[in-house]
Amino acid sequence: MTGNLFDGRSEQVGKEARNALSATKRITLTPETDTAFKISNHRVQLRRFVKFLTSGSRGWGDYYADQGDVFVRIGNLPRLSLQLGGEIQRVDLPSHVREGQRTRLREGDLLFSITAYIGSVAVVESGWVDAYVSQHVALCRLDLARLDPRFVGYFMLGTEGQDQLLQGAVGGTKVQLALDDIRGLRIPVPPLEEQQRIAAHLDRELAKIDTLIAAQERFVGLLEERREAVVRSAVPVPGQSEWKADKLGRRSIISNGSTPRREEEKYWLNGHFPWLNSSVVNLRSVVSADQFVTGEAMVECHLPIAEPNDILVALTGQGKTRGMATILKIRATINQHLACIHADRARWDPEYLLWSLKSAYRDLRHASDANGATKGGLTVDALKRHVLVMPPLEEQRRIVDYLNRETAKIDTLIAKTQRHIELARERRIALITAAVTGQINFPEEA
C-alpha cells in the first residue's frame, strides 16, 4: 500500500467517522410532549400474548453438514440489534428425526438466548424461515394481532428489558433462563398501531447509527494498519539492513513457566509472588498482577523469575494472542503459555527488542502455524532460532524514541475514536429505551 493511497483511504473514512459522531449527536432523545406517545407505566406479563414457546433440540452436532437446513445457534443472535446474522451452520437430518419440527422458525418469531450470552434477542425475518434452533435458544411465537414482535424485541434491548433478562438469569450454578422466565417478562402494551410505528422508527434510526458506528470502526482499522506500517518500516529487516542479524537465543535466556496445581492450597493461599498468564500480552507493559503464588510454589514447581524489562511473548492462544509481546515492569513468574526473554542488555535495548518482536508478529504467527501441531503454538526453541537485526545500542534507542513518539499519536486517535463508538452505542441504547417507554416523539408518516 502506498502512502498516498493509505492517506486517501484514511482521510475518507476519517471524514465518515467525524460525520458519524456529529450525526449521532443530532439524534433527539428529549420528549416533545405535545405529540409524544403516552405509553403507560403499566406492565403486562408476556405470557398473556404467547401462542407457542419452546427451546431448541439437543444433540444435533452429529447432523452438522455442508448442505441442508439452517441451524440457528446462540452466536447467530446479535447483541445490539434484532437481526439474525453470523456464521451459518447447516444440518442434514436423517429421515427418522422428527423432533425438531416444533422448532422450525416462522417469520415474526421472537428468539431469546437462554444460556451464556443472556440478553440477546432477535426477530425472524423471511431469510431465516424454516431454520431450526439449538437448545440454547428459545422460540417465542406471539399473538400478532395484539403484539408487534419488533416492538417487544426492542423493549427487551432497552435498559428495563435487559434488567429483567439478567435478573431472571441470576441464581443457581449455571446462568440460564427457563421458559417460564420468558413467560414472566413484563412489557408495556400500547395499541398495536403505536407499537408498529415505534418499531419502524427505531428500524430507521438505529440503521443510521449502525452505519455511523461502522464508519468509526473502519477508521480504527485504518489507524491500526497505519500503526503496524509505521512499526514495520522503522524496524530493520534481516537481509535488508546494514547491521548484523542474529538469532534471538544467542544473546538472551528464554524460558517458560508453569501453573501450580490449583487444588494445592499451599501453592496459592496467601501467595505474594506475582504470577502471570498470557492475557498480559494485550497490555503495553505489565505493571501489576491479579494472581499470586507462594514461595513453596516457586521452589517445588521450579517457577522461573522474570525481571523488570524482560520481554514476555504468548506461546499459545486463539485469536490475536499467540505471538504478541509485552514488556515486564515488575518482578514476577509466568505460566506455561508465556515465554520470558531475558536479553543481554549490553547488546539489546529492551524496548527495541519489544518493537522488533511486535514487528515480527506475522512471522511468528506463520512459524507457529507451520509447526505441524493441530493448534498453532510457538515454542521456546522457535523463539531462540528467530532472527532479528541487532543495530548498535545508540541506533536501537533512536528507533525506540521514534516509534514511541509516532505510535503515541496514532494511539491517541484510536482511543478517541473508540470513545466515540462507545458514546454512539450508549446513545443507541438510550434511544431504544426512550422510544419504547414513550419519552420521545415520532413524526406522523406521510
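The values are calculated or read from the model by the stated rules, or taken from the named source; none is laboratory data. The structure displayed is predicted, hence computed values, not measured ones. Please note: Cβ atoms are built from the backbone with ideal geometry, for glycine as well, and neighbour counts cover all protein chains shown. Note: areas computed on protein heavy atoms with side chains; ligands, DNA, RNA excluded. Shrake-Rupley method; radii C 1.70, N 1.55, O 1.52, S 1.80 Å.
Miscellaneous remarks
- Taking the criterion of being over 27 Å from the mean Cα position of the chain (by Cα) and part of a loop (DSSP other than H, G, I, E, B), the residues of the range 131-160 that qualify are D143, L144, A145, R146, L147, D148.
- Any hit, the range 203-216, residues being among the hydroxyl-bearing types (S, T, Y), touching a helix residue (DSSP H, G or I) at 6+ places or on another chain (Cβ under 9 Å), within 29 Å of L423 (Cβ to Cβ) and surrounded by fewer than 19 Cβ atoms within 10 Å (Cβ to Cβ): yes
- Some residue of the range 164-176 being within 23 Å of the chain's Cα centre (by Cα) and within 16 Å of A122 (Cα to Cα): yes
- Test for G68: is it in contact with a Gly (Cβ under 7 Å, 6 or more places away or on another chain), farther than 21 Å from I432 by Cα and touching a residue at least 12 places away in the same chain (Cβ under 8 Å): no
- Of all residues in the range 273-291, those satisfying the criterion of being in contact (Cβ under 8 Å) with a residue 60 or more places away in the chain and surrounded by 18 or more Cβ atoms within 10 Å (Cβ to Cβ) are W275, L276, N277, S278.
- The residues in the range 51-79 that are open to solvent by 90 Å² or more (accessible area, probe 1.4 Å), of a type outside the set (D, E), assigned to a loop (DSSP other than H, G, I, E, B) and touching a strand residue (DSSP E or B) at 6+ places or on another chain (Cβ under 9 Å) can be counted, and the count is 2.
- Helices (runs of 4 or more DSSP H) wholly inside the range 286-387 that include at least 2 residues being hydrophobic (A, V, I, L, M, F, W, C) and farther than 29 Å from Y267 by Cβ: 350-359, 361-369
- Residues of the range 85-126 that turn out to be of a type outside the set (D, E, K, R) and closer than 16 Å to G68 by Cβ, as a count: 12
- Within the range 135-147, residues that are charged (D, E, K, R) reach partners that are open to solvent by 10 Å² or more (accessible area, probe 1.4 Å) and part of a loop (DSSP other than H, G, I, E, B) with beta carbons closer than 9 Å, at six or more positions or on different chains, in the pairs R141/R106; R141/G108; R146/V189.
- Residue that is most open to solvent (accessible area, probe 1.4 Å) [pool: residues in the range 251-272 that are over 18 Å from H337 (Cα atoms) and in contact (Cβ under 8 Å) with a residue 60 or more places away in the chain]: R251
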